[in-house]
Every structure is written in structure tokens, then in C-alpha cells.
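Q: Mind looking over this structure? Questions follow.
The values are calculated or read from the model by the stated rules, or taken from the named source; none is laboratory data. Being a predicted model, the structure only gives us computed values, none of them experimental. Positions of Cβ are backbone-derived with ideal geometry, glycine not excepted, and every protein chain shown enters the neighbour counts. The protein model used for the area step is the full one, side chains on, heavy atoms only, and it has no ligands, DNA or RNA in it. Shrake-Rupley method; radii C 1.70, N 1.55, O 1.52, S 1.80 Å.
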Amino acid sequence: TIGQGNCPIVFRGPTASAGQLAATHSQAFENWFANTPGLKVIVPSNPYDAKGLLKAAIRDDDPVIFMESEQMYGDKGEVPEGEYILPIGVAEIKREGTDVTIVSFGKIIKEAYKAADELEKDGISCEIIDLRTVRPYDKEAILKSVKKTNRLVILEEAWPFGNVSTEISHMVQAEAFDYLDAPIYKINTQDTPAPYSPVLFAEWLPNHTHVVDGVKKVMYKK
């Protein structure tokens, strides 16, 4: 019976594009799993978060899907030697800002960091939120940031139809519409299977220039 028993199990697996591997190995699955009631879905973006969230997943009494990018297995970062656990469902503000909120997760968030550095040169201050968990996701953190910046750009490495950024867009317009000074702008892959050609793949995958353009659109500077 639903809600009357525990299923403490963790499924680890890759998600999103893994480079020039065409459509077979370039699908983002976290939004598929997040559409299943009862599943918790985690997508870390760095080594520190990966360790802390994996420990939390293993200790959780519910089934947890732990999705990670194959392209990040070589990433290096500071990880404490001692024990630590990061709470599931809690986002983190990776960069404080005042002009626009950028929400992202997983390896594609690196493009948000690059865009924020570039936009800072133009006097635009970006606040970057790393969801870390896409179900349950941290609505309060997003709403608090949007109410401060009044603008929202969502960056997600997934097809544009029916994904995590679609859910966030709906939630924000439903619960913080009066705080928005511009329409929400979401950035996804192109609505096609991932191409093998490196030239076409570069056009298919979101990058920091798309984020810069999106921010400038919600700032009415483009």
C-alpha cells in the first residue's frame, strides 16, 4: 500500500549528453524520473555536493534516483575528509546577485557561471541557484530569489517540452507573478535528438552565450 512501507534503494546512473555520442547516449532522464510520484531525484554539479547528497540518498528510506554526468567524472573539487551529509530537496545559492535569478543544475550550470562572469562586465549582477535536487525541488529558495531580483532565467540540459524548467516556470508565475518585471526565460537543448556532428552538436547544446542572451532579454537590453 502506498505510504505504508519503505523502499530504501538508490539508483545511480548517467544523464544528459556525454559528448559526441549522438542521440543514443545524450538523453536527460532526471525529468522523466521526477514525473514519478514517490521518487526523489538528485543531480549534483560538483564533487562536494555529489558526496554529501549520495550519503543522504543512501540513508534515505525512500527510493532515490542519483543522476550524474559522465563528463564530470574527471572534475576536481574540495571535499572534506570528515563525515558530512547534504539535505535532499535543498538548493544552494552558488553566487549572490541582485538583477536576475538563474536557476540550473548538473553540469550545464557551469555555463551559467561563465555567463555571469561575462554579464558582470556589463554591470549585470546574476544570482545563481543550483537546485541539486529536482524532486523535491526547493521552491522557497527560488521564490525568495525571484522576489529579490524580479527576473528569472532557467538553464536546463533537456528537451524543451515538459521538463523541470517548465514546472518551475509554472510555479513562479503562479506564486510570484506580481514580482516579475519580465517574462520567465528558459533555455534548453534544441527539440531534436542530439546530433553526432560536432558542429551541429554545438548548436544543439545550450552554452553561456545563450544564457547571456537570455539574461539580456529579461533585462530588456536586447
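Q: Take the residues in the stretch 9-29 that are open to solvent by 70 Å² or more (accessible area, probe 1.4 Å) and modelled with pLDDT under 80; name whichever of them is nearest to residue 66 (Cα to Cα).
A: Looking at residues that are open to solvent by 70 Å² or more (accessible area, probe 1.4 Å) and modelled with pLDDT under 80, I get 25.
Q: Just to be sure I understand the filter: pairs with C-beta atoms under 6 Å, separated by 6 or more residues or on different chains, first member in the stretch 106-127 and more than 16 Å from residue 145 (Cβ to Cβ), second member open to solvent by less than 70 Å² (accessible area, probe 1.4 Å) and among the charged types (D, E, K, R). Which pairs pass?
A: Matching pairs, first to second residue: 108/157.
Q: Now for a separate question. For the stretch 191-201, what are the residues that are hydrophobic (A, V, I, L, M, F, W, C) and open to solvent by 60 Å² or more (accessible area, probe 1.4 Å)? Even if it seems obvious, please write down each step before you answer.
A: Our first condition is that a residue be hydrophobic (A, V, I, L, M, F, W, C); within the stretch 191-201, this holds for 194, 199-201.
Within the stretch 191-201, 199, 200 qualify.
Q: Go through the stretch 30-47 and give me each residue that's hydroxyl-bearing (Ser, Thr, Tyr) and either touching a residue at least 60 places away in the same chain (Cβ under 8 Å) or surrounded by 16 or more Cβ atoms within 10 Å (Cβ to Cβ) (or both). Spell out how you get there, then give the answer.
A: Here is the first cut: in the stretch 30-47, the ones hydroxyl-bearing (Ser, Thr, Tyr) are 36, 45.
Once the filter is applied, which keeps residues that are hydroxyl-bearing (Ser, Thr, Tyr) and either touching a residue at least 60 places away in the same chain (Cβ under 8 Å) or surrounded by 16 or more Cβ atoms within 10 Å (Cβ to Cβ) (or both), the stretch 30-47 yields only 45.
Q: Looking at 74, 123, 97 in this structure, which one is open to solvent by less than 50 Å² (accessible area, probe 1.4 Å) and in a loop (DSSP other than H, G, I, E, B)? Reasoning before the result, please.
A: Numbers: 74 fails: open to solvent by less than 50 Å² (accessible area, probe 1.4 Å); 123 fails: open to solvent by less than 50 Å² (accessible area, probe 1.4 Å).
Only one candidate passes the filter, namely 97.
Q: Sticking with this structure for a sec: On the given criteria, is residue 195 assigned to a loop (DSSP other than H, G, I, E, B) and closer than 29 Å to residue 25 by Cβ? Give the steps one after another, and end with the answer.
A: Values: assigned to a loop (DSSP other than H, G, I, E, B): yes; closer than 29 Å to residue 25 by Cβ: yes.
Judged against the criteria, residue 195 is a match.
Conditions tested, residue by residue: (1) open to solvent by 60 Å² or more (accessible area, probe 1.4 Å); (2) assigned to a loop (DSSP other than H, G, I, E, B).
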{"position": "170", "(1), (2)": "yes, no"}
{"position": "173", "(1), (2)": "yes, no"}
{"position": "189", "(1), (2)": "no, yes"}
{"position": "203", "(1), (2)": "yes, no"}
{"position": "212", "(1), (2)": "no, no"}
{"position": "221", "(1), (2)": "yes, yes"}
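Q: Kindly indicate the residue of the stretch 144-164 that is charged (D, E, K, R), in contact (Cβ under 8 Å) with a residue 12 or more places away in the chain and not in a loop (DSSP other than H, G, I, E, B) and also farthest from residue 175 (Cα to Cα) among those meeting that condition. Show your work before the answer.
A: Quick first cut of the stretch 144-164, residues charged (D, E, K, R) only: 144, 147-148, 151, 156-157.
The next check asks that each one be in contact (Cβ under 8 Å) with a residue 12 or more places away in the chain; those that pass are 147-148, 151, 156-157.
Now restrict to residues that are not in a loop (DSSP other than H, G, I, E, B): 147-148.
Values: 147: 10, 148: 14 Å.
Taking the candidates together, the pick is 148.
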